[in-house]
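To keep things clear, I will list the structure first and then write my remarks on it.
The values are calculated or read from the model by the stated rules, or taken from the named source; none is laboratory data. From a predicted model like this one, the values you see are computed outputs, not experimental measurements. Note that we place each Cβ from the backbone using ideal geometry, even for glycine, and neighbour counts take in every protein chain shown.
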There are 2 protein chains.
Amino acid sequence: MKIPEKTVRRLSLYYRCLYFLSQQGAYNLSSKSLADLLELEPAQVRKDLSYFGQFGKKGKGYDVLELKNEIAKILGLEKGRKVAIIGIGNLGNALLSFKGFEVLGFQVVAIFDNSPNKIGKKYHGKICQDISAFPAIVRREKIDIAILTVPTESAQEVARLVSNSGIKAILNFAPAHLNVPKGVAVSNIDLAVELKSLSYFAGQKQ
Amino acid sequence: MKIPEKTVRRLSLYYRCLYFLSQQGAYNLSSKSLADLLELEPAQVRKDLSYFGQFGKKGKGYDVLELKNEIAKILGLEKGRKVAIIGIGNLGNALLSFKGFEVLGFQVVAIFDNSPNKIGKKYHGKICQDISAFPAIVRREKIDIAILTVPTESAQEVARLVSNSGIKAILNFAPAHLNVPKGVAVSNIDLAVELKSLSYFAGQKQ
């Protein structure tokens, strides 16, 4: 059964919420409370979870720790996914300097660029590899997720290379809409798009 | 008239697309082509633009440069919005090292934290200020947009302080859902949520 991308994304939000609640010592939660915390409808929460089985008890709600662990299992969070960063420019470097990946259970195992000035050089302790070696390194290192921080002009071409290498999940920071084959998921983070939308709201009078 | 947040966000995507097309020398574009490039419906594009007036000509499409400039005006992109970053931890530092803000026309004018170890120190050339001085500095520096890179536990409290200081636009990197007053727009970027969703798709067989 194909699960909608939006459902998977919300699962990730439920996980974040449950993780935080469990840390605060909460042990029980209704679908209404979970929905309220995220400004969603309770029916939405129940529908999303129903794709994966039966959680919680009628009138009793969810066990916080149990549901958190079940969602972790669904998302494969215990798997320690391996990540490659492609494009070691300004943004790629900023990302590499971010120490949060390991904390989140993700491991940056390889970094790539196509510039002869960068290939072979070390960035934050990792040697930049030639993008043309990407397919071979994906197989050898069993890379799960590719993070794209390449210029707009090359984004689509790199996305094709990444998809053809068997990668199923792309986190795209390039300011471009990527066309990818079915079965490949793309999440887009574009700081410029977010800032430019916010520019509109910054200019609104109350 | 209140414009839907999603419309504003799409305007920012149209702008990105038109900017790139104009650089490539395109001068004319139909709503269908623009929609196709972003995997949207042409009617959606026309509806979004209709909030702001009459663009393009029946059967002739849009003038690329003209529409790009009109959207820039709507979003206030020529205004040079001033940005504050709150929370100078790992992620805040990575963001500060990102040189793209100026290129995008945004200016980081102040950075804040609440830790005595950080206040008064320089980070990437900017002196970290005490968060308690935030309202006064917002007024003095005419800050438009606040970027939140604070821990989950303090995110809601900081969002309240920011909203009360008259800021209308928040870019939230904290892994928390923020409740803000009406008239304040929040864009959320949560690397963990994106990576955790992608972890699911990385584990799917074709």
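For the range B:26-40, how many residues meet the condition of being in contact (Cβ under 8 Å) with a residue 24 or more places away in the chain and assigned to a helix (DSSP H, G or I)?
Of the residues in the range B:26-40, 3 are in contact (Cβ under 8 Å) with a residue 24 or more places away in the chain and assigned to a helix (DSSP H, G or I).
Could you go through the range A:116-125 and let me know if any residue there is of a type in the set (A, V, I, L, M, F, W, C) and not assigned by TED's automatic domain parsing to the domain that holds A:TYR27.
Yes - at least one qualifying residue is present in the range A:116-125.
Any residue at all in the range B:151-161 that's more than 12 Å from chain A (Cβ to nearest Cβ), in contact with a strand residue (DSSP E or B) (Cβ under 7 Å, 6 or more places away or on another chain) and within 27 Å of A:LEU34 (Cα to Cα)?
Checked against the condition, which is being more than 12 Å from chain A (Cβ to nearest Cβ), in contact with a strand residue (DSSP E or B) (Cβ under 7 Å, 6 or more places away or on another chain) and within 27 Å of A:LEU34 (Cα to Cα), the range B:151-161 yields at least one hit.
Quick one: A:ASP63 ticks every box in (1) closer than 28 Å to B:VAL150 by Cβ; (2) acidic (Asp, Glu); (3) not assigned by TED's automatic domain parsing to the domain that holds A:LEU161 bar one, so which box is it?
(1)
Looking for whichever is touching a residue at least 12 places away in the same chain (Cβ under 8 Å), under 30 Å from B:SER30 (Cβ atoms) and not aromatic (Phe, Trp, Tyr) here; the options are B:ILE145, B:ILE131, B:ILE71. Which one fits?
Step by step, each of B:ILE145, B:ILE131, B:ILE71 is checked, and only B:ILE71 is touching a residue at least 12 places away in the same chain (Cβ under 8 Å), under 30 Å from B:SER30 (Cβ atoms) and not aromatic (Phe, Trp, Tyr).
Which is loosely packed, with under 15 Cβ neighbours inside 10 Å and not in a strand (DSSP E or B), of B:GLU194, B:GLU153?
Among B:GLU194, B:GLU153, only B:GLU153 is loosely packed, with under 15 Cβ neighbours inside 10 Å and not in a strand (DSSP E or B).
Exactly one of (1) part of a loop (DSSP other than H, G, I, E, B); (2) under 21 Å from B:PRO4 (Cβ atoms); (3) within 7 Å of chain A (Cβ to nearest Cβ) is unmet by B:GLN204. Its number?
(2)
Restricting to the range B:143-167, give me the number of residues that are modelled with pLDDT under 95 and among the charged types (D, E, K, R).
Count: 1.
Would you point out which residue out of B:LYS122, B:LYS118 is touching a residue at least 12 places away in the same chain (Cβ under 8 Å) and of a type in the set (D, E, K, R)?
B:LYS118
B:GLY166 fails exactly one of the following numbered conditions: (1) surrounded by fewer than 22 Cβ atoms within 10 Å (Cβ to Cβ); (2) in a helix (DSSP H, G or I). What is the number of that condition?
Condition not satisfied by B:GLY166: (2).
Need the failing condition index for A:GLU5 against (1) at pLDDT 95 or above; (2) among the acidic types (Asp, Glu); (3) surrounded by 14 or more Cβ atoms within 10 Å (Cβ to Cβ), just the number.
So the condition that A:GLU5 fails would be (1).
Tell me which residues, restricted to the range B:151-206, are under 17 Å from the mean Cα position of the chain (by Cα) and β-branched (Val, Ile, Thr).
B:VAL162, B:ILE167, B:ILE170, B:VAL180, B:VAL184, B:VAL186, B:ILE189
Can you report the number of residues in the range B:50-65 which are farther than 13 Å from B:TYR19 by Cβ and surrounded by 15 or more Cβ atoms within 10 Å (Cβ to Cβ)?
6
Which one is surrounded by the most Cβ atoms within 10 Å (Cβ to Cβ), of the residues in the range B:101-137 that are in contact with a Lys or Arg (Cβ under 6 Å, 6 or more places away or on another chain) and not β-branched (Val, Ile, Thr)?
Initial filter on the range B:101-137 (in contact with a Lys or Arg (Cβ under 6 Å, 6 or more places away or on another chain)): B:106-107, B:109, B:111, B:128.
With not β-branched (Val, Ile, Thr) added as a condition, the list becomes B:106-107, B:128.
Working: B:PHE106: 24, B:GLN107: 14, B:CYS128: 22.
That would be B:PHE106.
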